[in-house]
Each structure stands twice: as C-alpha cells, then as structure tokens.
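The structure appears right after this line, and notes come after that.
The values are calculated or read from the model by the stated rules, or taken from the named source; none is laboratory data. The shown structure was predicted, so the numbers you read here are calculated from the model rather than taken from an experiment. Quick reminder, even Gly has a Cβ in these numbers, built from the backbone with ideal geometry, and neighbours come from all protein chains shown.
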Amino acid sequence: MAKLKLGSYWGAACGGCDTAILDVHEKILDLDAAADILFWPIAVDFKYKDVEAMPDGHMDVVLYHGAIRNSENEHIAHLLRKKSKVMVAFGSCAHLGGIPSLANLYDKKQIFQYVYHDSPSTVNPAGVEPQPTTKVPEGEITIPIFYDTVMPLDFVADVDYYVPGCPPTPKQIWNVVEAILTGNLPAKGSVVGASSKTQCDECHLKKNEKKITGFKRIATAQPEQETCYLEQGFLCMGPITRGGCDTRCQLSGVPCRGCYGPVDGVLDMGAKAISAIASVIEAKDEKEIEAIVAQIPDSLRTFNRFAIGASLLRRKTL
Amino acid sequence: MTFEPKIVGILCNWCSYTGADLAGTARVKYPPNVRVIRVMCSGRVDPTFVFKAFADGADGVLVAGCHPGDCHYIEGNYKALRRMKLFQKMLADYGIEPARFRLEWVSASEGERWAKIVSEMTEELRKLGPARLRQPRKNRAATSAA
Amino acid sequence: MKRISIDPITRLEGHGKIEIFLNEEGGVENAYFQIPELRGFEKFVQGMPVEEVPRVVSRICGV
C-alpha cells in the first residue's frame, strides 16, 4: 500500500502543535512507517520551492496549525490547499484564531508602535519599522505584510477537518492519525479528535445546583477541589467547550479555559458562554446584577480566550 | 442624503410586540428604522443574535421585553436582563458605542413609549453614524463546526 | 549577481529566511537574515487579567 503523503505547516504558531504530534512518543515510528512527510519545517528540511514544485493535490493530508496573521501565512495556506487533497485546521489557532487572535483587540499600528518604539526594552533611535520591501545594494528583499486582523484558517482556505485544542492532546492526535490511515473520516467540515459533548459530560467534579451570587478569580481565590468550579463562582468555560481532552485543566485544579472550542451549532463562543453563565446568576435586581457582572475582570478575554478570530465581530473596533 | 440607521428590534411576543403593534393601530408617527423580529420571550434572546445582527450590518439593536415581574413565562425577562448585562460588557470590550444596544421593558399598553424609544434611538444612531461592523460570511457557514 | 534563498529555515521553532547574494567570483557579497513573523504578545497582554498572562505567554513558544 502506498505510503500516505503528509505535510504539516505553521502559520502564526508557537510550535506547541508540532510538539504535541511528537508527544505521541513511540507511535511516531508507526506514523513514519505509514506516511512520508513531505513538508514539516520544525522537523524536516523541505523548502517552499519544494512544495511549489509538487503537482496539485500531491499531498494526501496537510495539517495546518497557527493562525493567519500575515500575508505569508495566507499565501502558504493557499499553496498548501492547492497541493493537498485534505487540509486539516489543526489546533486552536487554525480552528478559531487561538491565542494570536487576542491581538484583534489592537491593530497593526498599535502593535508596531509598542513593539518597535515604545516598549521599555526597544532601542530604535532611527525609528525603523519592518517594511514589506527593502532595497539593499544587491537588490530587493521582502517580508510578509502584517494584517490588522488575525484570522482562523477557514477564512482564507477551504478546510476539510478541524482538530481542536491548544494543543490537541497526543491521544486525540493519534485517534485522528488512525482515522486518516484507515480512511475512517466523517463528513467534510467536521471537528475530529474531540467529543461532541461538552466538558461537563467528562468532568469529575460534583455537580449540584448552579446559583452564582458572585464571581471569583483564581488570582485571588483557591477553587475547592471536589465541587464544580462554576458553582463556586469561578469562570469555567466547561458548559460550552467541547470535550475530548480528558479535562486536563479541571484535573489540575483550574477551571476550563475553552481551548477545545465550542460544541456544534455555536456561531460565537463568547456569546454562548455569556448566555450559559448569565442564566445561572442568582439575582433579579438590576443593580445587584450589575455588581455581580462587575466582578468579571475582562469579558472578551475570559469568555472568548481562544476564539476571538472566529467570533461574529472578529475584532475590536478602534 | 441623510444616513438612515438600520435598527434590528427583537421583541417578546406578549408585551413588547403588542406594545409596538399598538403604536401602529394608534397611528403614532415614528421613524421607520426598526426591523422587528418577534420571539416568544426576551429570555430567548441569545447574545449570538445581537452579535449576528451587527455582523450582518445593523447599526443598532433593540431588545424589548415585559417589565420585570410581568413576564408571561415568569422569569424569562430576568434571564434576559442578566444575559444582556454581560453582553453589554462584552460589547464595550469590542469597542462598540454603548448607545448602539438597548434593552427596554415595554408593556402591551405602551405604544407611545415604544415610539419614543425608537425615535430616540434612531436620532442617537444618526449622530453616531453607521456601525460598519458587517463581516464577510465565513467559508464554514455550511459545516457542522459553524 | 546570483541570489540564493533559504526559505523557510527549518528544524527550529520560528519563521525565518536567509537571502544570500554571491559576487562574480562566487564568494558571498552579502547575506540577509530576515524574521517574517511577529505576533505582538508584548502588546496584546496589556489590560489582560493577571492570571491569564502566564497561560498566554506560554504560547509564545510551545516547544
């Protein structure tokens, strides 16, 4: 049987998804036996021109992780889409925008201003900023154009499957690899490597009735380890977040942060999170409700940590 | 040509929709800028609807329900109040002017009041200008992950 | 002038490219190392609740 032709690439990424793939430990040998890796910058030395030289649809599966932050991320997303049969948005960044999409609360001008001029450790007396094209004595050199708004992969390319997580767990990564190798994949556009139920379904904590009278932060209070964190007033995103990660965070004593993204049918994770959590606030008086809501430090970065890029409004209006 | 704000109104069937209807039957004159969507209860209003209205091009959104204590389903409007308070916080985080969203309690007999609310909101939004929050439809609108 | 592009650099965390310009004799006239990425963590952690910051900046490098 022909070996599977695999590619893996990172946009605005951190390498965590690559490391998670390597964390399948000895199973990587099984992967090596079943697949030929034709492009994987963190691990093998293939160049963009090697990909450009491939016939269209040459690679069977490409795992694209990292968000779309600049024109190179977008360009390579288009290139890899052309050269692959199946394109997988791998990890929170490609799936939903992820952590880099927290930058959507600012724009290019503000980011450049801080990074290249105002930050305490920047030494830039000439006020140089990166330019897409720079003339040098020998010719011209280029770098990508930095976009104002970070996007998930499916804003720029047709995505076949989504593997959620920041990063996806090695166990789920192996499930996805096996599904690919056995040709056992669901309908196009599905989220794979995760449960279709929420975190609450897998969570070990004791659940009673939810009547929140105030919110607490883990910066200033310690969650009690036997009962549901949300019931105690900690902002757990469990009720809207897809399960499948073995509730690693809850088992470590902290509330779920939502990295596995929302369950099916949710158009905007932040909006659904507000809806779910507001319905269990125990207060009827307007002033009382306002006082409880004021205890949440930052709503967008609490309810929509990983999915701002994929939210309905996508970015802050400046 | 003056800017005509597009306001999406999400009204509960029992009180506020009837109140708005009364403004019509009583021939109260007020600006035509509201497009009304009727839901059974203001407690049905998911913040997703409001974000979607903005992302589809609305300049303002107005959610109306029964006065506290008068909800046809007893507690629905309290849920709406809690959800919308949290929503307003997130709207501010998105950098959107607070005047673009209003939560109002309108009873079935408050036709005049409904007209006044819509007139006020229309003028306020006319001054603020278009919201310009319209977003292109994503590729994955057709998939289960959407 | 001959130009050699190494794009992308590989087997490390991060994006980078190298442009090498060779003179007539085949020696290196000049070489440029470019970083084609910026995510702006130092800016977007501003205003963030303190308990979030360590868990966000760990995504600067997942390795």
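Check B:LYS127, B:LYS89 and return the single one that is among the charged types (D, E, K, R) and over 20 Å from A:ILE308 (Cα atoms). Please lay out each step first, then the result.
On the way: B:LYS89 fails: over 20 Å from A:ILE308 (Cα atoms).
Answer to the selection: B:LYS127.
Residues to consider are A:PRO125, A:PRO120, A:PRO130; find the one that is over 12 Å from the mean Cα position of the chain (by Cα), assigned to a loop (DSSP other than H, G, I, E, B) and at the interface with chain C (Cβ under 9 Å from one of its Cβ atoms).
Numbers: A:PRO125 fails: at the interface with chain C (Cβ under 9 Å from one of its Cβ atoms); A:PRO120 fails: at the interface with chain C (Cβ under 9 Å from one of its Cβ atoms).
Exactly one of A:PRO125, A:PRO120, A:PRO130 is over 12 Å from the mean Cα position of the chain (by Cα), assigned to a loop (DSSP other than H, G, I, E, B) and at the interface with chain C (Cβ under 9 Å from one of its Cβ atoms), namely A:PRO130.
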Checklist entry - Does B:ILE74 satisfy the condition of being within 14 Å of another protein chain (Cβ to nearest Cβ) and among the β-branched types (Val, Ile, Thr)? => result yes
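Residue-by-condition table, conditions (1) under 18 Å from A:GLN172 (Cβ atoms); (2) at pLDDT 95 or above; (3) in contact with a strand residue (DSSP E or B) (Cβ under 9 Å, 6 or more places away or on another chain); (4) not assigned by TED's automatic domain parsing to the domain that holds A:PRO167:
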{"position": "A:ASN184", "(1), (2), (3), (4)": "yes, no, no, no"}
{"position": "A:GLU209", "(1), (2), (3), (4)": "no, no, no, yes"}
{"position": "A:GLN225", "(1), (2), (3), (4)": "no, no, no, yes"}
{"position": "A:CYS236", "(1), (2), (3), (4)": "no, yes, no, yes"}
{"position": "A:PRO262", "(1), (2), (3), (4)": "yes, yes, yes, yes"}
Next on the checklist: Tell me whether the range A:59-78 contains one or more residues that are part of a loop (DSSP other than H, G, I, E, B), in contact (Cβ under 8 Å) with a residue 40 or more places away in the chain, crowded, with 18+ Cβ neighbours inside 10 Å and under 21 Å from the mean Cα position of the chain (by Cα).
Outcome noted: yes
Item to check | Where C:GLY40 falls short, out of the listed (1) small (Gly, Ala, Ser); (2) within 8 Å of chain A (Cβ to nearest Cβ); (3) over 25 Å from A:PRO130 (Cα atoms) | outcome: (3)
Item to check | Set B:VAL28, B:VAL61: member being aliphatic (A, V, I, L, M) and either within 16 Å of the chain's Cα centre (by Cα) or under 20 Å from B:LEU125 (Cα atoms) (or both) | outcome: B:VAL61
Item to check | strands (runs of 3 or more DSSP E) enclosed by the range B:1-113 - at least 1 residues per element that are surrounded by fewer than 23 Cβ atoms within 10 Å (Cβ to Cβ) and without any contact (Cβ under 8 Å) to a residue 40 or more places away in the chain | outcome: B:34-39
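Which residues, taken from the range A:191-249, are of a type in the set (Val, Ile, Thr) and more than 21 Å from A:ALA94 (Cα to Cα)?
Here is the first cut: in the range A:191-249, the ones of a type in the set (Val, Ile, Thr) are A:191-192, A:198, A:212-213, A:218, A:220, A:227, A:240-241, A:247.
Across the range A:191-249, the qualifying residues are A:ILE212, A:THR213, A:ILE218, A:THR220, A:THR227, A:THR247.
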Item to check | Enumeration of residues in the range A:79-99 that are within 15 Å of A:HIS58 (Cβ to Cβ) and assigned to a helix (DSSP H, G or I) | outcome: A:LEU79, A:LEU80, A:ARG81, A:LYS82
Checklist outcome for this item: Residues in the range C:1-31 that are in a loop (DSSP other than H, G, I, E, B) and either small (Gly, Ala, Ser) or facing another protein chain (nearest Cβ under 10 Å) (or both) total 14
Next on the checklist: Checking the structure you have, find out if any residue of the range A:100-109 is in contact with a strand residue (DSSP E or B) (Cβ under 9 Å, 6 or more places away or on another chain), modelled with pLDDT of 95 or more and in a strand (DSSP E or B).
Outcome noted: no
Checklist outcome for this item: Residues in the range A:108-127 that are aliphatic (A, V, I, L, M) and under 16 Å from C:GLU37 (Cα atoms) total 2
Next on the checklist: For A:MET54, only one of the following conditions fails: (1) surrounded by fewer than 21 Cβ atoms within 10 Å (Cβ to Cβ); (2) assigned to a helix (DSSP H, G or I); (3) at pLDDT 95 or above; (4) not aromatic (Phe, Trp, Tyr). What is its number?
Outcome noted: (2)
Item to check | Count of residues meeting criterion [assigned to a loop (DSSP other than H, G, I, E, B) and loosely packed, with under 15 Cβ neighbours inside 10 Å] in the range A:146-158 | outcome: 1
